[in-house]
Amino acid sequence: MVAAALTIGGRAVGGAARTPVEDPAVAQVFAYAPACSAGQLDEAVDAAAGAAAAWAALPLPRRRELLRQCGKALAVRAEEVAELVTREQGKPLRAALAEVRLSADWFTRTADLVIAPEEPVADRAARVTVERVPHGVVAAIAPSNFPIILAVCKVAPALLAGNTVVLTPSPATPLSTLLMGEILRDGLPPGVLNVISGGTAISRALTEHPAVRLISFTGSVETGRAIARQAAPRFVRTVLELGGNDPAIVLPDVDLDRVASELFDRSMRNSGQFCAAVKRVYVPERLRADLVERLRALAGAARVGDGLDPATDLGPLVSRRQLERVAGLVADAVAAGGRAVAGGAPLDRPGHFFPPTVVTDLPAGTALELEEQFGPVIPVIGYSTINEAVARANATRFGLGGSVWGPQEPAREVAARLDCGTTWINTHGELRHDVPFGGTRDSGLGVEYGYWGLLEYTRIRVRHTATAG
């Protein structure tokens, strides 16, 4: 049985209760995670608040050094953390290991970021300096699909900027994050990074805590809305990376063999449980049947299984609830007239397995086109004109990302018309440590990653010095 503890004030702390953690590949409980009590939550936030002034006052080179040490410590135990990610989340072990190694590297790359004071005014009357200073205590709430990297993408810039952090993972995937807290615990001053786990009530209590000054959340639109409402009475800043329903528009002059393979890979990453995965494909009507056939063949060749099996290409969905959601969206699409040419229903085996699924002949307005399914499903939709494709691509409540596939010049022209935070040309879902990422409309507020993401964890402070008189 896996042993796990909360990290509060630099100490390992047992939970007030235990919550079961399921292995989605077998749909059975394999471990228990400590559940934080309301009192322990207060202790964690108090520890972060108590450490905030000293951490912010620490010279920036020292904070950079400590972040690099965090990265090294995580890298040393990457395989141990990765196995827990696979056990509780389901992804293939090689993908989990890549995630943890990327997370370790993210600490190092974040440590290299620079924010310098600006001096917009320096004349005979005044000298004005614009500084970036920390908010204070940051509540960081990470999702289940990439539990380690999406936690580190919050923790690393928050700490570099001089904030202290209380981190809580998804209740579905707490163990790997708690282990990361254990790994980092001794390398940071007590209270600088606190890691707790629990259910919805604990997350809400964290976001409503009066000492929290910024909330960084990645997850569902509905939860993001709730957090925004909770933050509003105290005017607490929020960074919300929410859902995505990314379209991919295929132009007429393309190499279908190459594009089909790319689209399949970029829709199936993490079994489709990726905010920036391709969620729907628009293709010229005359090419639709050919593209569907190529995607059908790729779906049939993919191996679905336990992430601990080296032969597995696609693991299970993270929970029974998510499996039922994906199955329901596909079933509704088929009932409305759509056609599933590959997959289409949960696999008849233990675990939360849904096969790679290709759906076409969708009537306009189907939920599978308009909503984020967050599963291994590719709706393929034919179009007659580029104007039609762009209109349908933009006609959802989401605005995270989108891509265009074809010759670069016309592709750039079409990409400029997509209403989303990131547009890719002849690729999709490529996220970088040095490029901002965020969305519009229901896809969230603010950005993460790189210099621009670091700015979110700071506020402006102006120092105005009179020089005349």
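The values are calculated or read from the model by the stated rules, or taken from the named source; none is laboratory data. Being a predicted model, the structure only gives us computed values, none of them experimental. Cβ placement follows ideal geometry from the backbone for every residue including glycine, while neighbour counts extend to all protein chains displayed. Calculation scope for accessible area: heavy atoms of the full protein, side chains included, ligands and nucleic acids excluded. Shrake-Rupley method; radii C 1.70, N 1.55, O 1.52, S 1.80 Å.
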key: Spin-label model distance (nm) - Thr427 vs Ala364, 7 Å beyond Cα toward Cβ   = 3.5 nm
inquiry  = Can you give me the distance in nm between label points at Arg286 and Glu409, each placed 7 Å from the Cα along the Cα-to-Cβ direction?
reply    = 2.1 nm
inquiry  = Let me check I have the definition right: for region 369-469, take the eigenvalues of the Cα gyration tensor, multiply each by 5, take square roots. What are those semi-axes in whole Å, largest first?
reply    = 36, 16, 14
ask   = Using θ = phi - 60° and the Karplus curve 6.51 cos²θ - 1.76 cosθ + 1.60, what whole-Hz ³J(HN,Hα) does each residue of region 371-384 get, with Gly and Pro shown as x?
value = 10, 7, 7, 6, x, x, 10, 10, x, 10, 10, x, 9, 9
ask   = Going by average Cβ neighbours within 10 Å, how do the peptides 98-111, 415-428 rank, with the highest at the top?
value = 98-111, 415-428
key: Residue-wise HN-Hα coupling along region 141-151, computed from phi with Karplus coefficients 6.51, -1.76, 1.60 (Hz; x: Gly, Pro)   = 10, 9, x, 8, 6, 9, x, 8, 5, 6, 7
query = What's the FRET efficiency of Ala3 with Ala211 using the Cβ-Cβ distance as r and R₀ = 25 Å, to the nearest 0.05?
reply = 0.25
task = Evaluate 2.2 N^0.38 Å with N set to the residue count of region 239-361, then give the Cα radius of gyration divided by it.
result = 1.07
query = Please state the relative contact order of region 259-368 as a whole percent: Cα pairs under 8 Å, 6+ residues apart?
reply = 24 percent
key: Overall Cα dimensions of region 1-57 - principal axes, largest extent first, Å   = 48, 21, 15
ask   = region 393-414 to region 324-373: how many Å between their Cα centroids?
value = 24 Å
query = Within the P(r) computed for region 137-199, what percentage of the Cα pairs occupies the region above 18 Å?
reply = 24 percent
request  = Output the direction-averaged projected area (hull surface divided by four) of the convex hull of the alpha-carbon atoms of the chain, in nm².
outcome  = 23.8 nm²
ask   = Tell me, what % of the accessible area of region 102-141 is carbon and sulfur with a 1.4 angstrom probe?
value = 50 percent
key: Placed amide H near Thr357: partners under 5 Å, 5+ positions off or other chain   = Val377, Ile378
task = Please identify which residues in region 277-291 have an amide N closer than 14 Å to a label point set 7 Å out from the Cα of Val435, following the Cα→Cβ vector.
result = 277
Segments 120-133, 140-153 sorted - mean Cβ within 10 Å per residue, highest first = 140-153, 120-133
ask   = At what distance in nm do the modelled label points of Arg258 and Asp332 sit from each other, each positioned 7 Å from its Cα along Cα→Cβ?
value = 3.8 nm
message = Using a probe radius of 1.4 Å on heavy atoms only, what accessible surface per residue do you get for region 234-377? Whole Å² is fine.
response = 38 Å²
request  = Find the centroid of the Cα atoms in region 159-216 and in region 1-59, then give the distance between the two in whole Å.
outcome  = 7 Å
ask   = How much length is gained if the chain between Glu131 and Val26 is pulled fully straight, taking 0.36 nm per residue apart and subtracting their Cα-Cα distance, in nm to one decimal?
value = 32.6 nm
